[in-house]
């Protein structure tokens, strides 16, 4: 490499030192990658996926074993009761919107305990300051927000909000940093706050926006108590290949 790229010996030695410094960190990434690879393969094996599952269907969806089995594979990977995986979700925001609208009704309140959500969700929730046509707000769903405290969950404020408003039916958590400067939440941090939320209000649905979070750990939010998660195939889980989903 030194000969082909005309590197000096000092530069090459610096490269080796830098590589050694990050070896432990990169090694942990490799372990996570290998674990998740085997987890996915086992899900395919457990559902007995074969070439017949990749054949074309009539387009109506009836008796489409490929589609049904894909949902089951995802359910195994994410340790959930069910999964819904479709290319018709154009992005993560679309999937999140469906999750929110499927669980909230007129008079209900959702509370986001990780601060303001992605800007793209503002129109769906109805907090964009515009007409909000077709938004949750137009359908009579209220919104509350608990801001983070130094980048961490504000447990005291979360307890106060949940304890004083019986109309809250869904707790929304955005795992990724989004457009903010905070760190993304680890699964262990999500598990801690989910356990706390359930101790205050066992009846609420805890929803996690898991975009950018899939496969960066050996467990997912649903392994630590999340009732529902949504993600995007155009990010981690699609491997940079899927155009939608």
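Every read-out reported here was derived from the displayed coordinates using simple, explicitly stated rules and does not represent laboratory data. Because the structure is a prediction, the values reported are computed rather than measured. Heads up, the Cβs are rebuilt from the backbone with ideal geometry, glycines too, and the neighbour counts pull from every protein chain shown.
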Quiz prompt | Extension reserve of the residue 88-residue 218 stretch, reckoned as 0.36 nm per residue once the Cα distance is removed | solution = 44.0 nm
Quiz item: Over all Cα pairs of the chain, how is the pair count split among 5 Å bins, expressed in % and running from 0 up to the last occupied bin?
Solution: 1, 6, 11, 15, 16, 14, 11, 9, 7, 5, 3, 2, 1, 0, 0
Quiz item: How would you rank 211, 98, going from fewest to most other Cβ atoms within 10 Å of each one's own Cβ?
Solution: 98, 211
Practice problem: Determine one quarter of the surface area of the Cα convex hull of region 51-123, which equals its mean projected area, and express it in nm² to one decimal. | Solution: 7.3 nm²
Practice problem: Return one number: the angle in degrees, 0 to 90 and rounded to the nearest 10, between the long axis of the Cα atoms of helix 155-164 and the longest principal axis of the Cα atoms of the chain. | Solution: 30 degrees
Exercise. Could you list 88, 94, 172 in order of exposure, starting from the residue whose Cβ has the fewest other Cβ atoms within 10 Å?
Key: 88, 94, 172
Self-check item: residue 119/residue 51 FRET efficiency (R0 30 Å; Cβ-Cβ; nearest 0.05)
Solution: 0.10
Quiz item: Hey, what D do you get for region 144-200 in µm²/s if you plug the Kirkwood alpha-carbon radius into Stokes-Einstein at 4 °C and 1.567 mPa s?
Solution: 107 µm²/s
Practice problem: Please determine, in degrees from 0 to 90 and to the nearest 10, the orientation of helix 23-46 with respect to the longest principal axis defined by the Cα atoms of the chain, where the helix direction is its Cα long axis. | Solution: 60 degrees
Quiz item: In deg cm²/dmol and to the nearest 500, what is the mean residue ellipticity at 222 nm of the chain if only DSSP H runs of at least 4 residues count, each as -39500 (n - 2.57), divided by the residue total?
Solution: -12500 deg cm²/dmol
Quiz prompt | For region 1-102, the spread of Cα positions along each principal axis, largest first, Å | solution = 65, 35, 26
